[in-house]
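*Asks:* Sharing a structure below in C-alpha cells format, with a few things to ask.
The values are calculated or read from the model by the stated rules, or taken from the named source; none is laboratory data. A quick note: this is a predicted structure, and the numbers were derived from the prediction, not measured. Cβ sites come from the backbone with ideal geometry, for glycine too, and all protein chains shown count toward neighbours. Just the protein is used for accessible areas: all its heavy atoms, side chains included, with ligands, DNA and RNA removed. Shrake-Rupley method; radii C 1.70, N 1.55, O 1.52, S 1.80 Å.
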Amino acid sequence: AWAEAGGGWEFVSTATASSSSTIEFTGLESGYDYQIVLYEWITSHASYVRLRLGITGPTYRESGYLSSGYSLHSTSSAAVAGRTETTFIVLQQYNQTAGNPFSWTIDILNPVGSGKSQVRGTGGGEGAGVDREVNFGEGIYNTNESHTAVQLYPTSNTFTSGTALLYRRLRS
C-alpha cells in the first residue's frame, strides 16, 4: 500500500565489495532521490568512507564540495570529533577499525537535477575493542550540476567486503 501511494523506495541494484578500491553506481536518472544502504562493510586498513559525485562518463568531481562529518565514540576520551572537506563528501571523522563491520544509510537528494546535489549519511559499527561508533556526515557539490554517478572509496587500501544496495524514490 505504501508504494502504491507513492513515496516508497524502489530497489535498483546491488554492488558487492571484494578487495575493491571503489564501489560505483552509474546511470542515475532525473526525477529521483537515491539511497545507498551499506551493511557488513569492512575495510582492509584503518580508513574512512569517502563519496564523490560524477557526471556522464563517468567523470568524478575531485573538488568543489562543502562537507563535514562527525563521529561519536562510546568509550573514547575524544567522544566527539569532526572534520570538513572540499575534495569529497566525508561521512565520518574517525578511521573505521580494519576488520570491524560498519553499516551506513546514505541519501543523495535530486542528484540529476539542475541544482546543487546534497548528500547526507548516518552509520555506525564496531570500533577498537568494545568501542561503538556513530558517524554522520553531510555535504553538497557547490555548483549547479547534474550528477549521474556516485563513487564510494576508502581513504586507503580497499573495501575488504560488504554489500551496497541502491534504491530510488520518485520526487513528487
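*Asks:* Among the residues of the stretch 114-172, write down those that are hydrophobic (A, V, I, L, M, F, W, C) and either in a strand (DSSP E or B) or buried (at least 16 other Cβ atoms within 10 Å of the Cβ) (or both).
*Replies:* Within the stretch 114-172, Val119, Val134, Phe136, Ile140, Ala149, Val150, Leu152, Phe159, Ala164, Leu165, Leu166, Leu170 qualify.
*Asks:* Sort out which residues of the stretch 113-133 are modelled with pLDDT of 85 or more and among the β-branched types (Val, Ile, Thr), and write them in order of number.
*Replies:* If the condition is that a residue be modelled with pLDDT of 85 or more and among the β-branched types (Val, Ile, Thr), then Val119, Thr122 are the ones that fit.
*Asks:* How many residues does the stretch 42-85 contain that are in a loop (DSSP other than H, G, I, E, B), open to solvent by 30 Å² or more (accessible area, probe 1.4 Å), modelled with pLDDT under 90 and within 26 Å of Ala15 (Cβ to Cβ)?
*Replies:* Matching residues across the stretch 42-85 total 3.
*Asks:* Sticking with this one: Find the residue count for the stretch 150-167, including only residues that are under 11 Å from Val49 (Cβ atoms) and small (Gly, Ala, Ser).
*Replies:* Of the residues in that region, 2 qualify.
*Asks:* Looking only at the stretch 31-41, filter to residues that are at pLDDT 90 or above and in a strand (DSSP E or B); which one of those is surrounded by the fewest Cβ atoms within 10 Å (Cβ to Cβ)?
*Replies:* Checked the stretch 31-41; the qualifying residue surrounded by the fewest Cβ atoms within 10 Å (Cβ to Cβ) is Val37.
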